[in-house]
1. Considering the dipole of the chain built from charges on the beta carbon (Lys and Arg +1, Asp and Glu -1) around the Cα centre, which of A34, M134, A277 is farthest to its positive end?
2. Which ³J(HN,Hα) values, rounded to whole Hz and listed in residue order, are derived for region 189-201 from phi using the Karplus coefficients 6.51, -1.76 and 1.60 in 6.51 cos²θ - 1.76 cosθ + 1.60 with θ = phi - 60°, glycine and proline given as x?
3. Roughly what % of DSSP beta bridges within the chain run antiparallel, to the nearest 5?
4. Quote the charge dipole size of region 10-311 about the Cα centre in Debye, to the nearest 20; the model charges only the Cβ of Lys and Arg (+1) and of Asp and Glu (-1).
5. From the square roots a ≥ b ≥ c of the eigenvalues of the alpha-carbon gyration tensor of region 139-193, which class results: rounded (a/c under 1.5), prolate (a/b over b/c), or oblate?
6. Sort F307, F98 so that the residue with the fewest other Cβ atoms within 10 Å of its own Cβ comes first and the one with the most comes last.
7. Separation between the A65 and E127 pseudo-spin-labels, each 7 Å from Cα along Cα→Cβ, expressed in nm?
8. Going by amide H atoms built from the backbone, whose H comes under 5 Å of the H on Q42, apart from near neighbours?
Amino acid sequence: MTAPRYDWTTNEIEALLALPLLELVSKAHEIAKANTDNRGVQLAALMNIKTGGCAEDCSYCSQSAHHESLDITRTPLSRLDEVVMAAKEAKNQGTIRFCMGVAGREVTDGPEFDAVLEMVRAVRAQEMEPCLTMGMLKPHHAKALKAAGLQSYNHNIDTSPEYYGKIITTRTLEDRLETLAIVREQGIDLCTGVIIGLGESLTDRASALRVLANMNPHPESVPINALVAIEGTPLERQEDVPPLDFVRMIATARIVMPRSRIRLAAGRRRLSPEAQALCFLAGANSIFYGERLLTTDNAEPDQDRAFLRELGVQVPA
Ligand code: SF4
């Protein structure tokens, strides 16, 4: 076991990111072997339960009301029976974690939040791990979610403190960190990660990982996303992230957060099987499984299953 550290500097992390690739992957693999169930990959299903019309202006997101993305159709909150059916289906496919996404700036009291609490209870009743993303929240919301059985709350930090204002102007990184602290306070697991490919520098990537790696305890789950540029968003012309950059981020995240679930998240579909295999070797131990992420296509479930078997990764029958 590697004793976790909470005092990483940006320079140290940048030096890891810049290591010769094989040295970096090998270092990360050793850490993964010592600290995680090296052959097990957690499958997480993701369902958008309310889409579009969000008051935030995240430059990468087609759900923002500030952009004119044609890629998205606004939908009201899903019905409870739809969510239960999707959770059952995900469970039949061997998924334990069921993540629900509500587009929006923050949680507000009222019938919508009450309905979401009901959904959390219903997913928990399927003996699955409910996870939710719903924006910023207050302590009483976190308390109610915990009482309903919420396992994990997703709230990504997205990018470095230094680059944050270039990507989002309607809130600050401090706002996000405050929500994460509230969630942690209630004993709900943290799922918080980053997006690369937003035009940030290597130092920004290191700085973003530093923010996560210096949380004590480390977030239980850390999604590493690569931008999938969506037409109609301010980042629509951004070039794809080179696959090996993805591998470097996964490996470095594994080294600085030895026991967290490092999730190969959005952008995975663009990676070849070989690049994905390198990500698993570098310590990725969770993927989103299912046909669609919140706003972007994901890999096909059948292909995923066959591919994971070929790698010798433990997958459900
Ligand atoms: S990423 Fe979330 S908070 Fe930002 S615009 Fe999209 S739905 Fe809203």
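Please treat every number below as a calculation from the coordinates, not as lab data. Because the structure is predicted, anything quoted here is derived from the model rather than measured. For neighbour counting, all protein chains shown are included, and Cβ atoms are generated from backbone atoms with ideal geometry for every residue, glycine included.
1. Of the listed residues, the answer is A34.
2. 5, 9, 10, 8, x, 10, 10, 9, x, 8, x, 6, 8
3. Around 5 percent of the beta bridges assigned by DSSP in the chain are antiparallel ones.
4. It comes to approximately 780 debye.
5. Prolate, since a/c reaches 1.5 and a/b exceeds b/c.
6. In order of increasing Cβ crowding within 10 Å: F307, F98.
7. 4.3 nm
8. It is S286, I287, by chain and number.
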